[in-house]
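The values are calculated or read from the model by the stated rules, or taken from the named source; none is laboratory data. What you are looking at is a predicted structure, and each value in this text was computed from that prediction instead of being measured. When the accessible area is computed, the model is the full protein with side chains, heavy atoms only, and any ligands, DNA or RNA have been set aside. Shrake-Rupley method; radii C 1.70, N 1.55, O 1.52, S 1.80 Å.
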Amino acid sequence: MGKHKKGEEQDMGKVAIYPGSFDPITYGHIDIVERALEIFDKVIVAIAVNEEKRPLFSVEERLHMVKAFFKDTPKVIVDSFKGLLVDYVAKTNAIVILRGLRATSDFEYEFHMASMNRTLDTHLDTLFMMTSKDYFFVSSRTIKEVARLGGGVEGLVPDLVVRRLKEKFKLPVTKKKHIRWDD
Ligand code: PNS
């Protein structure tokens with residue numbers, strides 16, 4: 001940690017990189033960013049450009065949605081990156097990669113990714129934060145599926161994302177406030 005300093009002269013304080021697909025951003029992601037801001041001075045939300053994953057939203061659309069949400073939060077920087085995450089991190093002032101962990105099912109994937117990143121750059125650590133109980137079942141994948149099938153995702157993603165999903169799928173999104181277990 002601490003090796004990744006571009007321009008040591010400009011002290012941005014403690015910076016964390018929060019990478020992901022954010023296809024689209026959910027309140028689960030936002031919860032992690034907001035809690036991280038209590039620990040770090042800045043959080044860079046880094047949207048991966050990975051066309052192999054066949055994202056629903058283009059990187060421009062994803063950037064727009066994330067930037068719109070954090071427009072009044074100067075401690076959050078929103079950016080996109082291509083290629084290896086470790087290479088992107090090295091160009092920033094970040095000292096750590098931040099990831100959210102929802103359940104044990106996330107663990108193996110996250111463990112592999114953190115281990116690979118640390119192998120590629122032995123100075124780079126990944127910090128995990130447990131997702132809040134309100135959002136542990138929320139993933140971009142399930143949000144897209146529910147929205148595509150016409151279910152309500154209000155309260156789980158920002159209003160702008162609800163609207164964008166509705167436009168993508170050309171379907172009305174119901175007025176239901178939350179998805180509940182018994183729905
Ligand atoms: O939200 P996601 O899809 O779980 O995020 C995964 C992401 C974007 C963080 C990961 O795929 C990534 O870092 N991609 C960049 C390419 C890279 O560095 N791969 C090696 C890490 S194992």
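Among I39, I30, I95, the largest mean-square fluctuation in a Gaussian network model of the chain (Cα springs under 10 Å) belongs to I39.
Close Lys pairs in region 66-170, defined as Cα atoms under 22 Å apart and 8 or more places apart or on different chains, number 12. For the chain, a Gaussian network of Cα nodes joined below 10 Å ranks L156, L124, L84 by mean-square fluctuation, and the top entry is L84. Please label the shape of the chain as rounded, prolate or oblate, based on the square roots a ≥ b ≥ c of the eigenvalues of the alpha-carbon gyration tensor (a/c under 1.5 means rounded; beyond that, a/b larger than b/c means prolate, else oblate). Taking the square roots of the gyration eigenvalues as a ≥ b ≥ c, the chain is prolate.
Averaged per residue, the chain has 57 square angstrom of accessible surface, using a 1.4 angstrom probe with ligands and nucleic acids left out.
Comparing mean-square fluctuations of N50, N117, N93 from a GNM of the chain with C-alpha springs under 10 Å, the top value falls on N50.
Measure off, as a whole percent, the carbon and sulfur share of the 1.4 Å-probe accessible area of the chain, all protein chains present. Walk me through the numbers before you get to the answer.
Values: 5720 of 10510 Å².
C and S atoms contribute 54 percent here.
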